[in-house]
Amino acid sequence: MTINNASVPTGQPLPEQSSPLQLHDIHVPELVSNLPIAPGWWLLLALIIIAVLWSSKKRKQNRQLNASKQQALAVLANNQTMSAKACINLLKWAAMQYFSRQQLAQLYGDNFQTFLIQQLPEKYQVKFTQLSTAAFQQQYQAEQGTNTDINSDCQQATKLWLTHALPVNKTLSRAKVLPVEKPSTLNKLVPVEKPFAVNKPVPTEKISTYNKPAPTEKPSAANKQEELSQ
């Protein structure tokens, strides 16, 4: 391809080029300030702080509620040869940490077993009853022999109750302590009624002075003389 230079006369200057564009300096936009913070962010921050405080308080309460439970389980785990009587005493100590001590101290035998059963979920009540009945029956017998099966069953029942019945919130306990039954008033002795005054013997009346015999008159001296003269 050949360039035709005929149109451009030699010796003549080129036409003036157009002047460059007058461009302004580039201005960076101002940074958006983060202050003041929108009210929504303050509300979100407050909710986060409240949630953190509530969760920490809840964990602390759970640790306190589980402290007695873990202590009882540790005692049971460290004493593999614990007797049935010792297991029942351990159950009573653990229950006193969550329920009224004064009322629990008055529960013995069947009443205490019934109370323990009521604290368990229904699916564990039958198994606990089967494992602990022999131990409660043997507790107050005059002669208590060493029965390995009863001790082993009572240890299982103790672990079952401590695991599934505790912890119990003291303010919102799931069952009330059974009160000790008081003897009925019908069995009291009826007091013997005192005899009425009408039945008393009537005192004998004193003899009136009007019924007394009249005293005989003594003879006078004149009458005596008359009698002598006759």
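The figures follow:
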{"item": "Cα-based convex hull volume of the stretch 59-125 per residue, rounded to whole Å³", "result": "108 Å³"}
{"item": "Extension gain from residue 26 to residue 65, taking 0.36 nm per residue of separation minus the Cα-Cα distance", "result": "7.3 nm"}
{"item": "Neighbourhood net charge (15 Å Cβ-Cβ; Lys/Arg +1, Asp/Glu -1) for residue 163", "result": "+4"}
{"item": "The stretch 42-98-the stretch 110-142 distance, computed between alpha-carbon centres (Å)", "result": "23 Å"}
{"item": "Entries in 123/159; 85/123; 92/159; 60/159; 60/92 that, when Cα-Cα distance is taken, lie over 20 Å", "result": "85/123; 60/159; 60/92"}
{"item": "Three-way shape call for the stretch 105-155 based on the alpha-carbon gyration tensor, with the a/c threshold at 1.5", "result": "oblate"}
{"item": "Neighbourhood net charge (13 Å Cβ-Cβ; Lys/Arg +1, Asp/Glu -1) for residue 51", "result": "+3"}
{"item": "Rough spin-label spacing in nm, given labels placed 7 Å along Cα→Cβ, for residue 56 and residue 85", "result": "4.9 nm"}
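The numbers here are math on the coordinates, done by the rules we state, and not lab data. Bear in mind the structure is a predicted one, so any value in this text is a computation, not a measurement. Neighbour counts are summed over all protein chains in view; Cβ atoms, including those assigned to glycine, are modelled from backbone coordinates with ideal geometry.
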